[in-house]
1. Within the set of pairs 6 or more residues apart or between chains, which connect a residue that is of a type in the set (A, V, I, L, M) inside the range 29-40 to a residue that is in a helix (DSSP H, G or I) and open to solvent by 40 Å² or more (accessible area, probe 1.4 Å) with Cβ atoms less than 9 Å apart?
2. Output the number of the condition that Ile61 fails; it satisfies all remaining conditions of (1) hydrophobic (A, V, I, L, M, F, W, C); (2) touching a residue at least 60 places away in the same chain (Cβ under 8 Å); (3) open to solvent by less than 30 Å² (accessible area, probe 1.4 Å).
3. If the Cβ limit is 7 Å and pairs must be 6+ apart or interchain, which residue in the range 81-98 that is open to solvent by 30 Å² or more (accessible area, probe 1.4 Å) pairs with which residue that is in a helix (DSSP H, G or I) and aromatic (Phe, Trp, Tyr)?
4. Checking the structure you have, find out if any residue of the range 310-333 is outside any helix (DSSP H, G or I) and among the aliphatic types (A, V, I, L, M).
5. Report, by residue number, each residue of the range 132-175 that is free of Cβ contacts under 8 Å to residues at least 40 places away in the same chain, buried (at least 18 other Cβ atoms within 10 Å of the Cβ) and within 21 Å of the chain's Cα centre (by Cα).
6. Does the range 312-357 hold any residues that are at pLDDT 85 or above and open to solvent by 30 Å² or more (accessible area, probe 1.4 Å), and which are they?
7. Which one is farthest from the chain's Cα centre (by Cα), of the residues in the range 184-231 that are β-branched (Val, Ile, Thr) and either part of a helix (DSSP H, G or I) or at pLDDT 95 or above (or both)?
8. Within the bounds of the range 32-44, is there any residue that is modelled with pLDDT under 90, closer than 26 Å to Gly272 by Cα and open to solvent by 10 Å² or more (accessible area, probe 1.4 Å)?
Amino acid sequence: MRKNKPTSEWRAGWPVLLISMIAYGNGMGMFLLSSSSFIKPVKDAFGWSTGQAVIAPITSITMAILFPFVGRLIDRWGARPFAIGGLIGLVACYLALGLCPANIVIYRGLALLAGLCLVACGPITFARGVGSWFVANRGTALGILISGLSLGGVLGIPLVGFLIQNYGWRKAYFGLAASIVFIALPLVITFFRERGEAPNSTTKPVHGNSLNETLKDSRFWLLLASFIFAALPIGVFSNHLVPILTGRGFPLPQAVSLGAIFAGSIGIARIGIGILVDRLRDYIVAGSCIIAAGLGAFALFHPIGRFVLEQAQAMIFLLGLAYGAEGDLAAYFTLKLFGLKAFSAIMGCLAAAIGLGTAVGGVLGSLVADRAGSYDPLAPFMAASLLLSGFLMLAQPSFHKARSHRSVAG
């Protein structure tokens with residue numbers, strides 16, 4: 001078990017952590033998790049189909065493509081200007097969406113622009129800032145930061161629903177813009193800095209591997225493979241959980257309530273697993289969590305005995321833990337293995353892979369369900385993919401030792 005450094009780490013870094021969590025939730029959290037609330041009113045206003053009115057998939061794909069490139073720029077110029085610029089750009093996108101005419105080209109162009117802004121003020125930017133302040137408690141700090149996404153959804157969805165119902169969808173976009181202008185932006189401008197930028201600080205967060213060095217490191221590719229194999233089945237569950245459950249015989253209200261367990265376990269994982277990796281053997285915590293999710297994926301389709309609902313609740317909780325842990329673990333292990341020097345570029349590569357893997361998993365689920373009429377054929381694939389991901393994570397220490405041995409021998 002590790003010994004934590006003195007609480008001075010928390011005393012120095014908590015303002016940056018708190019501001020980062022609020023800004024991350026106020027920006028990316030509110031945008032992504034409240035975007036579905038705009039689908040119906042936009043459809044009704046413009047006479048569009050659901051596919052035309054949906055904005056989040058375009059934004060998510062844009063983010064996945066841009067993460068590695070913007071990450072390199074963040075490493076060069078620092079996190080602060082990107083956090084501020086991204087939030088300002090997001091305000092402009094909200095205002096433009098609120099004024100958008102019934103023009104699909106303009107609408108989708110704004111979705112692309114929003115993706116660029118969200119990359120700039122997203123998890124890579126704030127994780128770099130938070131990571132520069134925390135070492136002994138880095139996993140806990142990153143878990144708290146990533147939980148801001150859930151916080152944004154918890155607050156943003158009711159806010160957007162209220163604004164749409166009482167003032168219309170256009171003014172709801174103006175309300176989201178106002179929340180950034182009056183909450184996130186002033187806090188980030190005033191308080192958000194990397195440790196080397198803080199007054200009277202002599203610490204410069206430039207230690208670690210370059211991107212080129214990292215791409216030659218077998219540990220990076222092992223980590224990348226582990227996250228991709230986890231992202232594929234997570235994409236299936238996150239996009240198809242309710243129809244999977246109704247296909248297993250659960251009534252729709254019960255399936256929705258089980259979906260709430262999935263969402264709740266994601267929030268628990270983001271903080272809980274962060275605390276555990278700071279205090280226990282991090283690779284064992286990460287690998288065990290993912291392997292447990294793999295067993296849960298299989299058991300969800302093959303329950304034992306009479307207590308089917310109770311087993312489903314437990315298995316879905318395990319799956320939510322894996323989903324919630326993935327973003328936190330990607331940032332944590334990037335900092336641990338490769339440092340801050342090229343953190344944003346490296347994390348950008350991992351984030352892009354996770355995003356694309358999740359998207360592929362969602363598409364795969366649709367294809368199998370359409371052709372087979374059931375999600376059952378996916379059960380062995382999802383379980384095997386998560387188990388392989390977990391074992392690859394557990395193999396990381398062996399690669400670390402082998403690399404150290406080669407370095408000493410050389």
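1. Met30/Leu155; Met30/Ile157; Met30/Leu159; Leu32/Ser60; Leu33/Val154; Leu33/Ile157; Ile39/Thr50
2. Evaluating Ile61 over (1) hydrophobic (A, V, I, L, M, F, W, C); (2) touching a residue at least 60 places away in the same chain (Cβ under 8 Å); (3) open to solvent by less than 30 Å² (accessible area, probe 1.4 Å) leaves (3) as the failure.
3. Pairs found: Leu95/Phe174.
4. Of all residues in the range 310-333, those outside any helix (DSSP H, G or I) come to none.
Among the residues of the range 310-333, not one is outside any helix (DSSP H, G or I) and among the aliphatic types (A, V, I, L, M), which makes the answer no.
5. none
6. Result: Gln313, Ala314, Met315, Phe317, Leu318, Lys336, Lys341, Cys349, Leu356.
7. We begin by selecting, within the range 184-231, every residue β-branched (Val, Ile, Thr); these are 188-190, 202-203, 206, 214, 228.
In the following step, the residues that additionally are either part of a helix (DSSP H, G or I) or at pLDDT 95 or above (or both) were identified as 188-190, 214, 228.
Working: Val188: 20, Ile189: 24, Thr190: 25, Thr214: 22, Ile228: 14 Å.
Residue satisfying both the conditions and the ranking: Thr190.
8. yes
The values are calculated or read from the model by the stated rules, or taken from the named source; none is laboratory data. Bear in mind the structure is a predicted one, so any value in this text is a computation, not a measurement. Methodologically, a virtual Cβ is constructed for each residue, glycine included, from the backbone with ideal geometry; neighbour enumeration extends over all protein chains shown. Keep in mind that these areas ignore ligands, DNA and RNA; they rest on the heavy atoms of the full protein, side chains included. Shrake-Rupley method; radii C 1.70, N 1.55, O 1.52, S 1.80 Å.
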